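Undergrad: Sharing a structure with you now.
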Amino acid sequence: MIDVCCAKPVSWSCRNAALLSAWDAGITTFDTADVYSETRAEAVLGQALQVIRRESIELCTKVYHPTGTGPNDRGLSRKHIMEACHASGAD
């Protein structure tokens, strides 16, 4: 996500503007994960890209690393993968 390495938090409007500027510049593949930006990255990306036709982009995400303390909050179990997909809004 855009603010992963930043020392200070970046506002939603700045993130949205940066993502839309990237799209305007021809970037069509966006990569994220359920653990980026303290689990907020997928929501940020989803909000920013609502104004773009879904068919015009490639959206990639990953699942594996812990997002909680429970035994199914990590790894590649079917339960964790399905819950991560649901939480991302992909279903």
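Bear in mind that the values in this text are calculations on the coordinates, not laboratory data. Keep in mind that this is a model prediction, so the values were computed, not measured. All Cβ positions, glycine included, derive from the backbone under ideal geometry; neighbour counts span all protein chains shown.
Undergrad: Let me have the relative contact order for the chain, percent, based on Cα pairs under 8 Å that are six or more residues apart.
TA: So the answer I get is 25 percent.
Undergrad: For the chain, take the longest principal axis of its alpha carbons; what is the angle in degrees between that and the long axis of helix 12-24, to the nearest 10 within 0 to 90?
TA: 70 degrees
Undergrad: Please compute P(r) over all alpha-carbon pairs of the chain, binned at 5 Å starting from zero, and give each bin as a whole-number percent.
TA: 3, 13, 24, 22, 18, 12, 7, 2, 0
Undergrad: Pop the C-beta distance of HIS86 and SER56 into the FRET formula with R0 = 25 Å and round what comes out to the nearest 0.05.
TA: 0.55
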